[in-house]
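The values are calculated or read from the model by the stated rules, or taken from the named source; none is laboratory data. What you see is a predicted model; the values in this text were computed from it and never measured. Here the Cβ is made from the backbone with ideal geometry for all residues, glycine too, and neighbour counts use every protein chain on show. In case anyone asks, the SASA skips ligands and DNA or RNA and just uses the protein heavy atoms, side chains included. Shrake-Rupley method; radii C 1.70, N 1.55, O 1.52, S 1.80 Å.
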Amino acid sequence: MTSSELWTRATADRYDTEESETSSAAFLEPTLAFLADLAGDGRALEFAIGTGRVGVPLRERGVPVAGIELSEHMAAVLRRKIDEETLPVTIGDMATTVVTGDFTLVYLVYNTITNLLTQDEQVECFRNAARHLAPGGRFVIELGVPPLRFLPPGQVAVPFDVSERHLGFDTFDLVEQILVSHHFTRDGDDDRYRRDASRHRYAWPAELDLMARLAGLELERRVADWSGEPFTENSAKHISVWRKPSR
């Protein structure tokens, strides 16, 4: 078992509601187009597939998709949307779990590699991706760039959302490369807020490139978003594509 924190039933049951905006067809279209193009005529494997926010519509787009998911509760929500034969899901962690067959695409979206809280586990995740890829296949990660430039001396917290129903901020352990994401969510019409927090290990693009090299993968492309905008020093996140050599 890896160090990933396990999503509970309560969290899984409300996940789709809280992610309704990022689950819309308009929001997902660039993501699906990007991934479908890389998958080509082959199969795609999603690490940490969750409730199927991306995997289910990608399968409906015609790409054969399989998934690996640590939380049985998250997988149960996915199973309400699509059957096992159409989109098989293996319960296990993304660093060590192996499924049958080769894939032209392995992908990991929405910062999920940071759920692995040690560098060794993140390295193993890259190796696991390479293990599943056919020659010439790609591994794709969507990941935010750590916002450490927003930390003046003595400050350890950075807000990422201040809205009517949600307050969110990250606190940073700069020695261990651990951030804790704090959420205060207003569920009803009163003034009460639900508090949640999750731990993550952040990593820089260059660190991921080294992990990829250790796994035998080569950086092919890095862009700022799913639409393919150039990645610059001011980009808040990146979509990185590594390729398994054909020989």
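Return the FRET efficiency for the residue pair Arg194, Arg80: r is the Cβ-Cβ distance, R0 is 22 Å, and the value is rounded to the nearest 0.05. Walk me through the numbers on the way to the answer.
Values: r = 23 Å, r/R0 = 1.06.
In this case the efficiency is close to 0.40.
If you roll a 1.4 Å probe over the heavy atoms of the protein chains, what accessible area per residue do you get for region 180-247, in Å²? Before the final figure, lay out each step's value.
On the way: 4100 Å² over 68 residues.
Accessible area per residue, region 180-247: 60 Å².
If the elastic network links every pair of Cα atoms under 10 Å, which of Ala157, Ala212, Ala39 fluctuates the most in the Gaussian network model of the chain?
Ala157
Between Asn111 and Asn234, what length comes free when the chain is fully extended (0.36 nm per residue of separation minus the Cα-Cα distance, one decimal in nm)? If you can, show how the numbers build up before the last one.
Numbers: separation 123, 0.36 × 123 = 44.28 nm, distance 1.78 nm.
The Asn111-Asn234 span can extend by a further 42.5 nm.
Springs between alpha-carbon atoms under 10 Å, Gaussian network over the chain: tell me which of Leu148, Leu32, Leu214 tops the mean-square fluctuations.
Its mean-square fluctuation being the largest, the pick is Leu148.
Is region 1-49 best put as rounded, prolate or oblate by its Cα gyration tensor, with a ≥ b ≥ c the root eigenvalues, rounded for a/c under 1.5, and otherwise prolate when a/b is larger than b/c, oblate when not? Before the final figure, lay out the partial values.
Values: a/c = 3.52, a/b = 1.37, b/c = 2.58.
Oblate is the answer for region 1-49, as a/c is 1.5 or above yet b/c matches or exceeds a/b.
If I compute solvent accessible area with a 1.4 Å probe over the protein chains, what percent of it on region 34-86 is carbon and sulfur? Don't skip to the answer; put the middle values down first.
Working: 920 of 2130 Å².
Carbon-and-sulfur percentage of accessible area, whole number: 43.
State the antiparallel share, in %, of DSSP beta bridges confined to the chain, rounding to the nearest 5. List each step's numbers first, then the result.
On the way: 35 of 50 bridges.
Within the chain, antiparallel bridges account for around 70 percent of the total.
Between Thr97 and Arg131, with labels modelled 7 Å along Cα→Cβ, what's the label distance in nm to one decimal, could you check?
Rounded to a tenth, the inter-label distance reads 1.3 nm.
What nm value, rounded to one decimal, do you get for the distance between Glu19 and Asp37 when each label is placed 7 Å out toward the C-beta?
2.3 nm
For Thr11 and Arg247, calculate 0.36 nm times their separation in residues minus their Cα-Cα distance, and state this gained length in nm to one decimal. Working shown, then result.
On the way: separation 236, 0.36 × 236 = 84.96 nm, distance 4.33 nm.
Extra length from Thr11 to Arg247 when fully extended: 80.6 nm.
Only sites in a loop by DSSP and with at most 13 other Cβ atoms within 10 Å count here; which trypsin sites (Lys or Arg not before Pro) in region 148-209 make the cut?
Numbers: sites: Arg149, Arg165, Arg186, Arg192, Arg194, Arg195, Arg199, Arg201; in loops: Arg165, Arg192.
In loop regions of region 148-209 (DSSP not H, G, I, E or B), the sparsely surrounded trypsin sites (Lys or Arg not before Pro) are Arg165, Arg192.
Carbon-plus-sulfur fraction of the accessible area of region 110-242, 1.4 Å probe, in percent? Write down the numbers at each step before the final one.
Values: 3710 of 7050 Å².
C and S atoms contribute 53 percent here.
Which net charge results when you count Lys and Arg as +1 and Asp and Glu as -1 among the other residues whose beta-carbon is under 15 Å from that of Val56? Could you put the intermediate results ahead of the total?
On the way: positive: Arg53, Arg59, Arg61, Arg79, Arg80, Lys81; negative: Asp16, Glu19, Glu29, Glu46, Glu60, Glu69, Asp83, Glu84, Glu85.
After counting each charged neighbour, the total is -3.
Could you give the accessible area per residue of region 57-132, probe 1.4 Å, as a whole number in Å²? The partial results should precede the final answer.
Details: 3150 Å² over 76 residues.
Per-residue value: 41 Å².
Hey, how many Å between the Cα centroid of region 49-74 and the Cα centroid of region 131-196?
Distance between centres, Cα-based: 23 Å.
Would region 25-69 count as rounded, prolate or oblate if I go by the C-alpha gyration tensor, calling it rounded below 1.5 in a/c and otherwise prolate when a/b exceeds b/c, oblate otherwise?
oblate
Go ahead and estimate [θ] at 222 nm for the chain from helices alone: -39,500 (n - 2.57) per DSSP H run with n ≥ 4, summed, over the residue count, rounded to 500. Walk me through the intermediate numbers first.
Details: 6 runs with 63 residues, N = 247.
Computed ellipticity for the chain at 222 nm equals -7500 deg cm²/dmol.
Under unit Cβ charges (Lys, Arg +1; Asp, Glu -1), what dipole magnitude, rounded to 20 debye, does the chain have relative to its Cα centre?
Working: 27 positive and 39 negative charges, 113 e Å.
In total the dipole reaches around 540 debye.
Considering the chain, what Rg and Dmax in Å follow from its alpha-carbon atoms?
Cα radius of gyration and Dmax of the chain are 17.8, 61 Å respectively.
When the chain is fully extended, how far beyond the present Cα-Cα distance does Phe184 get from Glu29, taking 0.36 nm per residue of separation? Intermediate values should be presented prior to the final figure.
Working: separation 155, 0.36 × 155 = 55.80 nm, distance 2.91 nm.
In short, 52.9 nm is gained.
Alpha carbon centre of region 205-247 versus region 86-117: separation in Å?
18 Å
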